Each structure stands twice: as structure tokens, then as C-alpha cells.
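Visitor: Let me give you the structure first, and then I'll get to my questions.
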Amino acid sequence: MTVMIATIIAFAAFIVGGVLTYILFRYVLKSKYDKVLKEAETEAEVIKKNKLLEVKEKFLNKKADLEKEVALRNQKIQQAENKLKQREMALGQRQEDLQRKKQEAENVRENLEAQLGIVEKKKEELDKLQHQEIEKLETISSLSAEEAKERLVESLKEEAKTQAQSYINDIMDDAKLTAGKEAKRIIIQSIQRVATETAIENSVTVFHIDSDEIKGRIIGREGRNIRALEAATGVEIVVDDTPEAIVLSAFDPVRREIARLALHQLVTDGRIHPARIEEVVAKVRKQVEEEIIETGKRTTIDLGIHGLHPELIRIVGKMKYRSSYGQNLLQHSRETANLCAVMASELGLNPKKAKRAGLLHDIGKVPDEEPELPHALLGMKLAEKYKEKPDICNAIGAHHDEVEMSSLLAPIVQVCDAISGARPGARREIVEAYIKRLNDLEQLAMSYPGVTKTYAIQAGRELRVIVGADKIDDKQTESLSGEIAKKIQDEMTYPGQVKITVIRETRAVSFAK
């Protein structure tokens with residue numbers, strides 16, 4: 001019983017202690033909770049205030065930026081408006097100026113029309129006065145205007161005839177006094193001009209090339225190729241600004257031919273250096289010698305001449321490379337031989353001997369050595385040396401009257417030589433190239449519409465173009481000269497420069513009868 005009571009009391013005490021403990025714990029926990037809640041509220045209030053301040057600051061910054069941007073845009077708009085106002089003012093001013101100028105032009109036109117009217121009236125008055133004066137003169141002189149003109153023309157004719165006759169007499173008297181001196185001067189000038197041209201034409205050969213780039217290869221580094229070529233051939237090689245051409249200059253035509261063929265082989269092969277040049281020149285020299293002999297044999301066979309000494313055959317072949325007064329010497333000798341044969345046949349003489357003498361009459365022009373003898377005497381000595389008959393030797397030596405004629409063949413050879421020599425031979429390549437360039441210049445200008453005539457003058461340095469006045473006006477004339485100059489520059493090669501002169505003229509022609 002006592003134990004139960006004690007148990008109940010202990011249980012009751014436990015319950016009471018638990019209740020008290022719960023109440024005490026709840027009180028303490030509530031106090032802490034209220035304190036934490038109060039601190040949280042306080043901290044939240046602080047954070048809220050800070051955030052509000054940040055938002056307000058950002059808002060103010062944005063507002064300031066927007067205000068600046070709006071102000072800048074307003075400024076730009078204001079500037080654009082100012083520019084538009086200035087343009088409007090300028091346009092207005094320009095329109096006023098145009099209106100004023102238009103008014104001034106109208107006033108000028110009215111003044112010109114008024115002045116033209118006055119001029120027309122004055123012209124009519126002058127024509128009327130001139131007509132009245134002519135009528136008065138006709139009345140006074142009892143002659144019409146046509147009759148007065150005829151009488152005036154007749155009197156002027158008689159006066160002109162008298163003055164002309166007096167002038168002619170003076171000229172004839174002066175010519176009689178100075179005829180001898182003037183004739184000598186003209187002859188000397190003619191000899192000088194013709195001799196210079198002949199020397200140039202007979203001492204140069206033109207070697208044509210495809211492009212001017214080859215000139216540099218022919219010259220070589222520091223000129224070694226051209227020096228080697230000149231030393232090997234004995235020919236002066238002139239490389240100047242002449243387009244697509246190199247001039248070979250030497251008095252010996254065989255040397256020039258060797259240099260021309262060697263240059264041709266070197267340019268074709270492409271290998272140009274001193275060792276190769278010497279090799280090619282030696283090879284070409286041998287070929288030329290063989291060709292000379294072959295040419296001599298072929299000539300004697302063609303003419304039917306037999307029994308010539310081999311050295312004479314070689315000399316005949318060398319004539320191929322020699323010219324005589326513009327003619328090829330071999331061609332001239334063949335012509336002379338044929339003429340001699342025809343003339344001897346007509347006279348009843350031996351045509352074979354005449355043909356032989358005609359072929360050999362100029363062999364003294366191509367000797368291996370150059371003694372101080374006329375070519376006729378030298379040819380006669382060569383013929384005697386190689387056992388030709390006396391009458392043929394005499395015909396060779398006497399065809400320029402160097403020795404006395406002792407056979408009938410001599411005058412025949414002399415006459416036939418003169419007949420063949422009187423006919424001019426073919427021109428040299430340099431002249432043909434020059435003439436072709438001038439013809440090309442004239443043809444190029446003639447290809448333009450409205451051009452009537454073209455003349456290349458000043459050795460091709462000036463081109464005169466004559467146009468029809470009814471086909472081209474002055475402005476087109478100016479542009480035509482520029483077009484022709486550009487076309488010449490693009491399509492042609494030429495040394496120096498070419499001056500193009502376009503001439504447009506109007507002519508009024510009438511005849512006095």
C-alpha cells in the first residue's frame with residue numbers, strides 16, 4: 001500500500017515536473033523567437049531601405065542619361081533645321097540670280113535684234129547707194145559695168161605682158177653671165193648627192209628581226225657578243241633605234257653576206273655567245289665559198305660556156321654579192337653576155353666567144369686583192385693569167401677604152417655593157433622598208449572617213465592629212481589628228497616621233513573669161 005502511494009506520488013510528481021518544464025521551455029523559446037524575429041525584421045527594414053536607395057540612384061542616373069541623349073538629339077535636329085534654312089536661302093538667292101540673268105539675256109537679245117535690224121537697213125541703203133553710183137558712172141562714161149571691166153582687164157593684160165617681157169629679158173641677161181658658174185655648181189651638187197646615196201646603198205645590208213628584244217641578246221653582256229661578231233666577220237654592226245632592223249656596214253659584200261647568214265643562224269638557234277659565234281661564222285664562211293663556186297658553175301652551164309678555169313668560175317660566182325650602179329653584177333654580166341651573143345649572131349661573128357667575153361668583162365670588180373688598177377685592165381690581166389684567148393682578153397680590157405681595141409668583139413662588149421648598164425637595177429632592202437613604212441602611214445590615215453588625201457613628208461616624221469570641208473567640221477578635225485596619232489602609236493613602229501597635221505580648207509573657184 002505504501003509502495004503504490006509512493007508510486008502514484010512519484011508519477012504525479014513526474015507529470016507536474018514535465019508540465020513545469022514544458023511551460024518553462026516554451027517561455028524561454030518564445031522569448032528567443034521574439035528576439036530573433038525582431039532582429040530579422042530590423043535587418044529586413046535596413047535591406048529594404050538600402051535597396052530603395054540603390055533603385056532610386058539608378059533611376060536618377062538613367063534619367064540623367066536620357067536627358068543628355070534627348071538634348072543631343074535636339075541639338076542635331078536644330079543643326080539640321082539650320083542647314084535646311086541656309087539651303088533654302090541659297091536656293092532662293094540662286095533662283096533670283098537666274099531670273100535676273102534670264103531677264104538680262106532677254107534684254108541683250110532684244111538689243112541684238114534691234115541692232116541687226118539697223119544693220120540690215122544700213123546694208124540696204126549702202127546697196128542702193130552703190131547701185132546709184134554705178135548708174136552715175138555708167139552715165140558719165142557712157143559704158144556699162146561689164147564693158148568697163150573688159151577694158152580694165154585688157155589694159156592690165158598689156159601692162160603685165162610688158163613687165164613680164166622686161167623681167168624675162170633681165171633674167172636671160174643675168175643667166176648668160178652666170179650660166180657657167182651655176183652649171184658647175186649644180187653638177188657638183190648632183191655628183192655629191194648621188195655619190196653619197198650610192199655609197200650608203202652599196203655598203204650596208206639590213207638584217208630584219210622579229211622583235212627589238214633580240215637586239216639585247218645580239219649585243220650581249222657589256223657588248224661582248226657584238227664585238228666577237230665584228231671581229232670574226234670584219235663587218236661593223238650598227239644597232240640603233242631603227243625598229244626591227246640591224247644594219248650591217250662593210251665595203252666587202254661577201255663579208256656582209258657572211259655576217260647576215262651567221263646572224264640569221266644565231267638568232268634562229270638562240271645560242272649567242274663568243275665561242276658559238278666563232279663556230280657559226282667559220283661554218284657560214286665555208287658555206288658561202290661553196291655557194292660562190294656553185295653559183296659560178298650554174299651560171300656557166302646556163303650560158304653554155306665551157307672550159308673556164310676554176311678560179312674564173314669562182315670569180316664569176318662572187319659577182320652575185322656585188323652591185324654595179326644599182327644592179328647586181330652577176331645579173332648585169334649575164335645580160336651583157338646574152339646581148340653580146342645576139343649582136344654577134346646578127347653580125348655573123350662567133351656568138352660563143354662574144355658570150356664568153358660578155359660574161360667575163362667585169363671580173364676585175366671582184367678580185368681577191370685590190371691593186372691600183374682600173375677594173376677593165378685588172379680583168380684583162382686575170383683573163384691572161386688563166387689562159388683566155390687574146391681577142392677575149394682584149395675585149396675585157398678595152399670595154400672602157402683602157403686599151404686599144406684590136407678585135408671586133410671589143411666594141412660589141414662595150415656597147416652591150418652600156419645597154420645593160422642603162423637599165424636600173426633593183427633597189428636595196430633599206431629603201432624598200434622605208435617606202436613601205438611611208439605607204440603604211442598614208443594608208444592608215446586614208447582609212448578614216450572624210451579624208452581625201454594624205455602625204456608623208458619629212459622622211460616620215462610628219463603626216464599631212466587633207467580632209468573635205470563638207471564632210472568634217474573644225475571640232476572633228478581636232479579630234480581626228482588625236483585619233484590618227486593614237487592609232488599610229490598603237491599599231492606601228494617608227495624611230496623618233498611623227499607629227500600629224502590635219503588640214504581643212506574651203507575653196508571658192510571662179511574663172512575670168
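The values are calculated or read from the model by the stated rules, or taken from the named source; none is laboratory data. Computed from a prediction, not measured in an experiment: that's the story for all the values here. Methodologically, a virtual Cβ is constructed for each residue, glycine included, from the backbone with ideal geometry; neighbour enumeration extends over all protein chains shown. For accessibility, only protein heavy atoms count, side chains too; no ligands or nucleic acids. Shrake-Rupley method; radii C 1.70, N 1.55, O 1.52, S 1.80 Å.
Visitor: Could you give the accessible area per residue of the stretch 328-379, probe 1.4 Å, as a whole number in Å²?
Guide: I get 46 Å² per residue for the stretch 328-379.
Visitor: Moving on to the next point. Sum up the charges of everything whose Cβ sits under 15 Å from the Cβ of Glu81, counting Lys and Arg as +1 and Asp and Glu as -1, but leave Glu81 out.
Guide: +4
Visitor: Calculate the length of the line joining the C-alpha centroid of the stretch 283-300 to that of the stretch 15-82, in whole Å.
Guide: Between the Cα centre of the stretch 283-300 and that of the stretch 15-82, the gap is 124 Å.
Visitor: Which of the lysines could be linked to Lys149 by a straight reach, that is with a Cα gap under 22 Å, when you skip same-chain ones fewer than 8 residues away?
Guide: Excluding near neighbours in sequence, the set is Lys128, Lys136, Lys157, Lys161, Lys513.
Visitor: Around Lys486, under 15 Å between beta carbons, what's the net of Lys plus Arg minus Asp minus Glu among the other residues?
Guide: Result for the local shell: -2.
Visitor: Enumerate the amide H contacts of Ser323 below 5 Å, restricted to partners 5 or more residues apart or on another chain; note that Pro and chain-start residues carry no placed amide H.
Guide: Leu329
Visitor: Something else now. Roughly what would the spin-label model give for Glu146 and Asp440, points 7 Å off Cα along C-beta, in nm?
Guide: 6.0 nm
Visitor: Moving to a separate point now. Could you give me the ³J(HN,Hα) list for the stretch 446-453, computed from phi with Karplus coefficients 6.51, -1.76, 1.60 and θ = phi - 60°, whole Hz, x at Gly and Pro?
Guide: Working through the residues one at a time gives 5, 6, 7, x, x, 7, 9, 9 Hz.
Visitor: Treating only the Cβ of Lys, Arg, Asp and Glu as charged (+1, +1, -1, -1), what charge dipole size does the stretch 208-333 show about its Cα centre? Round to the nearest 20 debye.
Guide: 380 debye
Visitor: Further question on the same structure: Can you tell me how much longer the chain between Gln78 and Glu478 gets when fully stretched, taken as 0.36 nm per residue apart minus their C-alpha distance, in nm with one decimal?
Guide: Fully extending the segment from Gln78 to Glu478 adds 138.6 nm.
Visitor: From the backbone phi of the stretch 382-397, what are the Karplus-calculated ³J(HN,Hα) couplings (6.51 cos²θ - 1.76 cosθ + 1.60, θ = phi - 60°) in whole Hz, Gly and Pro given as x?
Guide: 5, 5, 5, 4, 9, 6, 7, 5, x, 5, 5, 5, 5, 5, 5, x
Visitor: Extension gain Thr7-Ile47, at 0.36 nm per residue separation less the Cα-Cα distance, in nm?
Guide: Gain in length upon complete extension: 8.6 nm.
Visitor: Work out the length of the dipole vector of the stretch 1-144 about its Cα centre, built from +1 on the beta-carbon of each Lys and Arg and -1 on the beta-carbon of each Asp and Glu, and round it to the nearest 20 debye.
Guide: Dipole about the Cα centre, nearest 20: 1920 debye.
Visitor: Distance check, please: which entries in Lys365/Lys385; Lys355/Lys387; Lys76/Lys101; Lys101/Lys123 exceed 27 angstrom between their Cα atoms?
Guide: In this structure, Lys76/Lys101; Lys101/Lys123 exceed 27 Å between Cα atoms.
Visitor: Amide H of Thr452 versus every other amide H placed in the peptide plane: which residues, excluding those fewer than 5 positions away on the same chain, fall under 5 Å?
Guide: Distant-sequence amide H within range of Thr452: Ile466, Val467, Gly468.
Visitor: Continuing with this model, one more query. Using a 10 Å cut-off on Cβ atoms, rank the peptides 354-361, 315-322 from the highest mean neighbour count down.
Guide: Highest to lowest by the protection proxy: 354-361, 315-322.
Visitor: For Lys486, go through the lysines and keep the ones whose alpha-carbon is under 28 Å away, minus same-chain ones fewer than eight residues off.
Guide: Output for Lys486: Lys215, Lys436, Lys453, Lys471, Lys475, Lys499.
Visitor: Let me ask you something else. May I ask you to compute the full-extension gain from Lys161 to Gln489, defined as 0.36 nm times their residue separation minus their alpha-carbon distance, rounded to one decimal in nm?
Guide: 112.7 nm
Visitor: Along the Cα→Cβ direction, 7 angstrom out, place labels at Lys286 and Lys62. What is the inter-label distance in nm?
Guide: Label at Lys286, label at Lys62, 10.7 nm between them.
Visitor: With each label point set 7 Å from Cα along the Cα-Cβ vector, what nm distance links Val342 and Asp174?
Guide: Distance between label points: 5.0 nm.
Visitor: Extent of the stretch 201-339 along each principal axis, from alpha carbon coordinates, in Å, largest to smallest?
Guide: 52, 29, 22
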